[in-house]
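The values are calculated or read from the model by the stated rules, or taken from the named source; none is laboratory data. Please read all numbers here as calculations on a predicted model, not as lab measurements. Here the Cβ positions follow ideal geometry from the backbone for every residue, glycine too, while neighbour counts run over all protein chains shown.
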Amino acid sequence: MAGEHNNSNSKTPRLEAVSDLVLIAGLMRPRTVIIPGGDREDDLRLVESARDHGIVDRCILVGDEAAIRQAAAQVGISVAPEDVVATGSQQETAQLTVEYVQQGKADVILKGNISTPILNRAMVRIAVRETMSLVTIFDATPIRGGRPMIMTDAGVTTVCNFGRMVGLIENAVDVARAVMGLERPRVAVLSANEKYIESLPSTRMGQELSEYPWENAVVYGPLSFDLAVSEESVRLKGVPDKGAALEVAGQADILVSPSLDAANILYKVIGEMVKYGIGTFAGVAVGVAVPYVILSRGDNVETKLQSIALGSIARERMNMRSIRPRATPVTVTAPIPRQGNSLAAIASAAATMAERMSLPPKHTCYVVVHLTDECTVAAVREGAIVDSEVVDCGQQGVPQSSGLRQALEAGDETANVSLEPLLDKIARSIGALCVPAGPDAEGILLCGELSGAEPVVRGLRSRLAHILPVSAVRQVASGK
């Protein structure tokens, strides 16, 4: 294929098949795996298989001690006392797992018998990238003749706005470079059509991602699936006469779906190929301090072992951090302008977050909430406040903002109860301001006195996280 010789990394040999991951990982230093919810027999058998292949040398099991020891007895393995971390709840299991990672005691996380939302909430503490996403390496005989490829994101990222899409592409590119030996991978941003259609947002997203200044990848979109993977389709249909289009079309290394729904459907289709022996899978979540392996109950033994191997290789070869900052929800610090009014504070918060996320001006789009006695909600689009409204917090029967924060931090139950109608009112206002912020809105930013009160932040996230990520922006006096 044209340009094929330019796509091989001299430091990392080209990956020829997904099954080779097990052989590659077996030649590297064995790793310590930690399993939150380590009481499933299948997980223990998997780790024993990985140990036999030289991929794992130690496994730390966190969770219900009695259940862990019973599962180990059923599998017929002995577990050292120091490798069983007893907990009394799933929340504690998730917390201790994160602490072990923070202390450098674990190289790879394998999700066991624990609620994914509970574990993922704890993982925010070890988030190191702007976006956490599932990167899946697959080969399937009907697709590009069985050549290993990457697809993303079939299981983690639910809000696919511009900033998140940039992040998940970067995650996939890093895996392609470090694991697959592709120095400059070709990335296809998928849609139902290869031309811009105003009523089809994924075509616009593909076009805008193509225009982003990528350093280590060639990105083009929108492309239909067949134009991304089939040179014959390219010959029959044609593509725009552009450098990136000509390089990516028909020979993509990475397939980026426009939403988790689309990616998950593609993942399940390829999963059916795996069942019939004409496909192979391995997946790892990237974005936290160590590789995070999330297995499906329907995955076969080979997929599970290859995923552990992929996690081990990623730990060895990848810089788990990123040049770009970590994702929302986070807390960043922004200066309060000297005039101190709500709209100025809102503009400062939006500008600070956009700068932190390296977003171009056209994508500096947020709904920003200044949480004080007189709450102001504003829509920021392309860096400018385009609409705003004031929510009168004084009518909710709650103390002034400083007093309310102190009462909440002290655990005052009356303050917690009175807070609920206030949060409902603010959330409705935020929802209304999402319209003028537009479809490119990156998130909801909370600033002002009450943005430092955890019950306020938690309450608004619970009401709004299905719409956009919610982040707190801590503001300090600029001193200027």
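For this structure, a couple of remarks:
- Test for Ala80: is it surrounded by fewer than 16 Cβ atoms within 10 Å (Cβ to Cβ) and modelled with pLDDT of 95 or more: no
- Among residues of the stretch 197-219, those that are surrounded by 13 or more Cβ atoms within 10 Å (Cβ to Cβ) and assigned to a loop (DSSP other than H, G, I, E, B), counted: 6
- Flag if Glu272 is more than 11 Å from Thr152 (Cβ to Cβ) and touching a residue at least 60 places away in the same chain (Cβ under 8 Å): no
- So Glu409, is it in the same structural domain as Gly459 (by TED's automatic domain parsing), modelled with pLDDT under 65, surrounded by 13 or more Cβ atoms within 10 Å (Cβ to Cβ) and of a type in the set (Asp, Glu): yes
- Contacts under 7 angstrom Cβ, first residue in the stretch 69-81 being in the same structural domain as Arg51 (by TED's automatic domain parsing), partner in a loop (DSSP other than H, G, I, E, B) and of a type in the set (D, E, K, R), 6 or more apart: Ala71/Asp39; Ala71/Arg40
- Residue satisfying condition, being in contact with a strand residue (DSSP E or B) (Cβ under 6 Å, 6 or more places away or on another chain) and among the aliphatic types (A, V, I, L, M), within set Ala50, Ala72, Ala66, Ala25: Ala50
- Counting only strands (runs of 3 or more DSSP E) that fall entirely inside the stretch 41-156 and contain at least 3 residues that are among the hydrophobic types (A, V, I, L, M, F, W, C) and farther than 30 Å from Ala252 by Cβ, the qualifying elements are 56-63, 84-86.
- Verdict on Gly54 being assigned by TED's automatic domain parsing to the domain that holds Gly311, surrounded by fewer than 22 Cβ atoms within 10 Å (Cβ to Cβ) and closer than 22 Å to Arg317 by Cα: yes
- Number of the exception - Ser312 against (1) at pLDDT below 90; (2) touching a Pro at 6+ places or on another chain (Cβ under 9 Å); (3) of a type in the set (S, T, N, Q): (1)
- In the stretch 288-306, of all residues being surrounded by fewer than 20 Cβ atoms within 10 Å (Cβ to Cβ) and not in a loop (DSSP other than H, G, I, E, B), the one that is modelled with the highest pLDDT corresponds to Glu302.
- Inspection of the stretch 178-187 finds a residue satisfying the criterion of being assigned to a helix (DSSP H, G or I), surrounded by fewer than 20 Cβ atoms within 10 Å (Cβ to Cβ) and aliphatic (A, V, I, L, M).
- Pick from the stretch 139-161, criterion over 16 Å from Val173 (Cβ atoms) and hydroxyl-bearing (Ser, Thr, Tyr), ranking: farthest from the chain's Cα centre (by Cα): Thr141
- Listed conditions (1) under 29 Å from Ile313 (Cβ atoms); (2) buried (at least 19 other Cβ atoms within 10 Å of the Cβ) are all met by Val234, apart from (1).
- Scan of the stretch 216-255 for residues that are among the aromatic types (Phe, Trp, Tyr) and over 16 Å from Val187 (Cβ atoms), ordered by number: none
- For the stretch 44-82, the set of residues classified as among the aliphatic types (A, V, I, L, M) and in contact with an Asp or Glu (Cβ under 7 Å, 6 or more places away or on another chain) consists of Ile60, Leu61, Ala67, Ile68, Ala71, Val75, Ile77, listed by residue number.
- Yes/no for Val85 being within 26 Å of Leu119 (Cα to Cα) and either modelled with pLDDT of 95 or more or of a type in the set (Ser, Thr, Tyr) (or both): yes
- Of the residues Leu209, Leu182, Leu168, the single one that is among the aliphatic types (A, V, I, L, M) and out of contact with any helix residue (DSSP H, G or I) (no Cβ under 9 Å at 6 or more places or on another chain) is Leu168.
Condition check ((1) within 25 Å of the chain's Cα centre (by Cα); (2) at pLDDT 90 or above) across all residues:
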residue	(1), (2)
Thr203	yes, yes
Pro213	yes, no
Lys242	no, no
Gln251	no, yes
Ala262	yes, yes
Tyr267	yes, yes
Ile270	yes, yes
Phe281	yes, yes
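- Residue among Ile114, Ile34 that alone is under 19 Å from Asp299 (Cβ atoms), among the aliphatic types (A, V, I, L, M) and surrounded by 19 or more Cβ atoms within 10 Å (Cβ to Cβ): Ile114
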